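Student: Mind looking over this structure? Questions follow.
The values are calculated or read from the model by the stated rules, or taken from the named source; none is laboratory data. Computed from a predicted model, the values in this text were never measured in an experiment. Methodologically, a virtual Cβ is constructed for each residue, glycine included, from the backbone with ideal geometry; neighbour enumeration extends over all protein chains shown. Remember, those area values only see protein heavy atoms, side chains included, never the ligands or the DNA or RNA. Shrake-Rupley method; radii C 1.70, N 1.55, O 1.52, S 1.80 Å.
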Amino acid sequence: MTRFLLQIVLILTSVSAFANDGAFFAKGNQLIPINETDITVKKEILTLKKVRNQVIEVTVYYEFFNPKEDKKIIVGFEAFSPEGDVDGAPKNGQHPYMRDFKVELNNSVLKYNVSYVADSLYNQNGNIKSLDLAKFNGNKSGNNVDFFYVYHFEANFKKGLNIIKHTYNYDVSGSIDYNYEFEYVLTAAKRWANKQIDDFTLIIDVGEFETFSINKTFFKNSNEWQINGIGKTEDIKGIKNSFIENDALKFHLQKGNIVFRKKNFKINGDLFLYAQNYLGIQDLGYIPFSYYQEENIAEPKNDLERKILKNLPFARRGYIFQNPELSQFYKTMEWYIPNPAYKPETETLTEREKKWLKRWK
């Protein structure tokens, strides 16, 4: 059997190309001090959860330490504008693709304002210089707008430990070459007094049966990650393209989540997570771990190909096939994780998988 994968990879070299091929909606970010401060970040637990391939739910738990007397400072959150096949105009005065922004300090929910700013010089002696969009001459709508957003609020930090809980969500970006991708700005945390996060935990939950990669910007080795569930990793080295700016780590996750922990975390890069689209599948040379490209799988040419497709739900769970041809095929799949304990039971499959079985019966 001829086995090969045709990958369609578009190098996004210009804004216009991006506009035609996909949409960047937003990226996550850290809270930052607008005023100069001696407050430090003692602990952060950052949880990113992908929901229905549409939304990233962000939950952040912070422990800040104020070494001196009680003080009030302005804290900000920079939300970068969308680009590509989008409308970047504000919605109800806020970022058009971010929702449910909430900040709680020491069990009190804080009120916030949203400002429009054109560059990094918006901080004027601890105050935010906001644009008047009615008088602004730059682009205010369409694929590219000439400003971004700063959500900001007054925070009363008591002496000693202060706890902030921060939640929001934003739309998952994607394009013809990405099934999905999302970014998170980690380096902004260096604006606090200690220039680091003393105790940092990152939890990423993308759902079941997912293959995705994370660029090695803020970490170096796979052993810095823990898989809570069933999965495996694969190093990607020496490749640079529109997906990979640096070496990357690929995850094949049957179920569960992944966790990165670091003490005295001196951040040297931001998070970029992406899952590629695999198009043009021919001769069953490659079957994606998830079903998001199932419409591109051609009609099987023979009985073996039909059996391969029919047994995909069981292969995803690690079933060890007794049929030598099925066994040989699935052992070539990079995501396949043999599980001697798994027994194939149709009742435990999802409704989508049950429909899949009927399709290839």
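Student: Subtract the Cα-Cα distance of Arg52 and Asn137 from 0.36 nm times their separation in residues, and report this length gain in nm to one decimal.
Tutor: Using 0.36 nm per residue and subtracting the Cα-Cα distance, I get 26.8 nm.
Student: Counting only protein heavy atoms and a 1.4 Å probe, tell me what percentage of the chain's accessible area is made up of carbon and sulfur. Don't skip to the answer; put the middle values down first.
Tutor: On the way: 7980 of 17210 Å².
The value for the chain is 46 percent carbon and sulfur by accessible area.
Student: Ok, one more. Spelling out what I want: for every residue of segment 309-318, take phi, set θ = phi - 60°, compute 6.51 cos²θ - 1.76 cosθ + 1.60 (Karplus), and round to whole Hz; glycine and proline get x.
Tutor: Rounded to whole hertz, the list is 5, 4, 8, 4, x, 7, 5, 4, 9, x.
Student: Still on this structure, I have one more. Within the set Lys237/Lys301; Lys129/Lys195; Lys91/Lys262, which residue pairs have Cα atoms separated by over 27 Å?
Tutor: Lys237/Lys301; Lys91/Lys262
Student: Taking R0 as 41 Å, what FRET efficiency do you get between Thr167 and Asp85 from their Cβ-Cβ distance, rounded to the nearest 0.05? Can you show the working numbers first?
Tutor: On the way: r = 27 Å, r/R0 = 0.67.
Efficiency, rounded to the nearest 0.05: 0.90.
Student: Same structure again: Rounded to the nearest 10 Å², what accessible area does Arg359 show when all protein chains are kept and the probe is 1.4 Å?
Tutor: For Arg359, the solvent-accessible surface is approximately 110 Å².
Student: Let me ask another. Starting at the first residue of segment 95-100, write each ³J(HN,Hα) from the Karplus equation 6.51 cos²θ - 1.76 cosθ + 1.60 with θ = phi - 60°, in whole Hz, x for Gly and Pro.
Tutor: 4, x, 10, 10, 9, 6
Student: By how many nm would the segment from Glu154 to Ser130 lengthen if fully extended, with 0.36 nm per residue of separation less the alpha-carbon distance?
Tutor: Length difference between fully extended and current span is 7.0 nm.
Student: Now for a different question. Hey, which lysines would be in cross-link range of Lys354, C-alpha to C-alpha under 17 Å, not counting anything within fewer than 8 residues on its own chain?
Tutor: Correct list for Lys354: Lys307, Lys310, Lys343.
Student: Continuing with this model, one more query. Would you list, by chain and number, the lysines whose Cα falls below 16 Å from the Cα of Lys111, excluding same-chain residues fewer than 8 positions away?
Tutor: In chain and number order, the partners are Lys72, Lys102, Lys165.
Student: Something else now. Can you tell me the length gained on complete extension of the stretch Asn194 to Asn339, counting 0.36 nm per residue apart and subtracting the Cα distance?
Tutor: 47.6 nm
Student: Show that you can apply the helix-only estimate: for the chain, add -39,500 (n - 2.57) for every DSSP H stretch of four or more residues, divide by all residues, and state [θ] at 222 nm to the nearest 500.
Tutor: After summing the helix terms and dividing by residue count, I get -2500 deg cm²/dmol.
Student: Using +1 on the beta carbon of Lys and Arg, -1 on that of Asp and Glu, and nothing else charged, what's the dipole of the chain about the Cα centre, debye to 20?
Tutor: For this selection, approximately 860 debye.
Student: Another one. Looking at the chain, what % of the alpha carbon pairs are farther apart than 28 Å? It would help to have the intermediate numbers written out before the result.
Tutor: Details: 33331 of 64980 pairs.
So the portion of pairs separated by more than 28 Å is 51 percent.
Student: OK, next. Tell me the GluC sites (Glu not before Pro) within segment 60-120 that lie in a loop according to DSSP and have at most 14 other beta-carbon atoms within 10 Å.
Tutor: Glu69
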